[in-house]
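What follows is a single structure, written as structure tokens, with notes after it.
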Amino acid sequence: MLDRDGFRPNVGIILLNPRNQVFWGKRIRTHSWQFPQGGIKYGETPEQAMFRELHEEVGLVPDHVRILARTRDWLRYEVPDHFIRRDARGHYKGQKQIWFLLQLAGRDTDVNLRATDHPEFDAWRWNDYWVPLEAVIEFKRDVYQMALTELARHIPRTGTHNRYLRGGTISHSHEDDLAQSPQVFSGSDTAQSPRDE
């Protein structure tokens, strides 16, 4: 389903944990990391698509999260021709996305990257809100920056001040470093940290 300008409607998901770190997924069989995202099917609202994609890609259901905010308008990116299937070239340009900011109300153990037969991610981790954009494929970076910037003001306060506004930084502890290590598949359907294996 494309709009008249050649953009596919899509949703992006920024999922926060209680420490205001974001879910960062590693695309299956690649070295690229990204937020969960996916297309809006015919007849779906952006919110319905977001909950469907959240379950398909992360294994979470509506009871596991709270919606904090969404972007006001569509954010667009164009996909370079060499990433577009040959039969779609000429009429497909890229994605237009509504981004949602969610707060995890469940636990890390609720995350299940194998909730469907076609997983998108093979590892995940919690990352600081301002994710390293150099880890994101180049043509998506501007949209990530726009979404993170627009939604940053909706991040819940967690004590002294909002460290995610671009002003200042707070040094973090060894515990924060441990929270950054990727979660990977083990023999079970739930994600495990490499240090737990």
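All of the numbers you see were taken from the coordinates with simple rules; none came from a lab. No experiment lies behind these values; they were computed from the predicted model shown. Note that we place each Cβ from the backbone using ideal geometry, even for glycine, and neighbour counts take in every protein chain shown.
General observations
- Residues whose amide H lies under 5 Å from that of Ala123, counting only those 5 or more places away or on a different chain, are Lys26; hydrogens are built 1.01 Å from N in the peptide plane.
- Rounded to the nearest Hz, the phi-derived 3J(HN,Hα) couplings of the range 60-71 under the Karplus curve 6.51 cos²θ - 1.76 cosθ + 1.60 (θ = phi - 60°) are 9, 10, x, 5, 7, 9, 10, 7, 9, 5, 8, 5, where x marks glycine and proline.
- Pairwise label distance in nanometres, Val61 with His31, each label 7 Å out on the Cα-Cβ vector: 3.9 nm
- Charge dipole magnitude, Cβ of K and R +1, D and E -1 - the range 1-54, Cα centre, debye nearest 20: 320 debye
- Cβ-Cβ FRET estimate between Leu68 and Ala135, R0 fixed at 25 Å, reported to 0.05: 0.60
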